[in-house]
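Comments concern the structure below.
The values are calculated or read from the model by the stated rules, or taken from the named source; none is laboratory data. The model shown is predicted, which means the values in this text are computed figures rather than measured ones. Backbone-built Cβ (ideal geometry, glycine too); neighbour counts: all protein chains shown. To get the accessible areas, we keep the full protein, side chains included, count just its heavy atoms, and leave off ligands, DNA and RNA. Shrake-Rupley method; radii C 1.70, N 1.55, O 1.52, S 1.80 Å.
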Amino acid sequence: MGRTHTYEVAVRWTGNRGTGTSGYRDYGRDHDVETDGRPGIEGSSDPAFRGDKSRWNPELLLVAALSECHLLSYLHHCAVSGVVVTGYTDAALGTMEQEGNGGRFTEVVLRPRITVASPDMVEAAVRLHEDAHRDCFIASSVNFPVRHEPDVQAEAVT
């Protein structure tokens, strides 16, 4: 049997404007997300749902979690496979469809841009995205497709 890991966070609503949830427009969606010893995250709802656009919302956090998990899994696979990654950015995009008062994500596309140390590493660097996806804890936990559109380039030779 595998190891069990637990992750505990505290979410505290800070949007009471004095009358609580007395009406749909009467309360703020602001909240803080905290865990021991780490900086807090200021959250809200998506602006489409009366949230504060300057704060993180759950939908953005889900897309970020998928992108971060893939990054970490990918870097691991590259390190153990001898692929030297020298740069990595991702412009991840999540799509959610609203249905009544609810909705669901239909897809997340990760678009990592990777730089590797030499041209002979490019092919393996592209292929290792499959392994990283397979081993990503977060991607294995969602019920919608997570696609990858990697762009891998070798460092410029000077």
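Among the residues of region 1-14, the one identified as assigned to a loop (DSSP other than H, G, I, E, B), without any contact (Cβ under 8 Å) to a residue 24 or more places away in the chain and surrounded by 10 or more Cβ atoms within 10 Å (Cβ to Cβ) is Thr14.
Condition check: under 30 Å from Gln153 (Cα atoms), open to solvent by less than 80 Å² (accessible area, probe 1.4 Å), aliphatic (A, V, I, L, M) and in contact with a strand residue (DSSP E or B) (Cβ under 8 Å, 6 or more places away or on another chain). Does Ala125 satisfy that? It is true that Ala125 is under 30 Å from Gln153 (Cα atoms), open to solvent by less than 80 Å² (accessible area, probe 1.4 Å), aliphatic (A, V, I, L, M) and in contact with a strand residue (DSSP E or B) (Cβ under 8 Å, 6 or more places away or on another chain). If I filter region 129-137 for residues that are surrounded by 18 or more Cβ atoms within 10 Å (Cβ to Cβ), among the hydrophobic types (A, V, I, L, M, F, W, C) and more than 15 Å from the chain's Cα centre (by Cα), do I get at least one hit? Within region 129-137 (the criterion being surrounded by 18 or more Cβ atoms within 10 Å (Cβ to Cβ), among the hydrophobic types (A, V, I, L, M, F, W, C) and more than 15 Å from the chain's Cα centre (by Cα)), the answer is no, since none of the residues qualifies.
All told, Ser44 falls short of being among the polar types (S, T, N, Q), surrounded by 10 or more Cβ atoms within 10 Å (Cβ to Cβ) and in contact (Cβ under 8 Å) with a residue 40 or more places away in the chain. Residue count for region 28-55 satisfying the condition of being farther than 17 Å from Glu8 by Cα and small (Gly, Ala, Ser): 6. Return the residues of region 54-76 that are more than 23 Å from Glu42 (Cα to Cα), out of contact with any Asp or Glu (no Cβ under 7 Å at 6 or more places or on another chain) and not hydrophobic (A, V, I, L, M, F, W, C); say none if nothing qualifies. Hits for region 54-76 are His70, Tyr74, His76. Look through region 16-28, keep the residues that are without any contact (Cβ under 8 Å) to a residue 24 or more places away in the chain and open to solvent by less than 60 Å² (accessible area, probe 1.4 Å), and return whichever of them is nearest to Trp56 (Cα to Cα). Across region 16-28, the extreme among qualifying residues is Tyr27.
Annotation: of all residues in region 66-109 being open to solvent by 70 Å² or more (accessible area, probe 1.4 Å) and of a type in the set (D, E, K, R), the one that is modelled with the lowest pLDDT is Glu99.
Select from region 15-43 the residues that are acidic (Asp, Glu) and either closer than 21 Å to Phe137 by Cα or assigned to a strand (DSSP E or B) (or both) and list them in ascending order. Write out each step before concluding.
Narrowing region 15-43 to residues acidic (Asp, Glu): 26, 30, 32, 34, 36, 42.
Within region 15-43, Asp32, Glu34, Glu42 meet the criteria.
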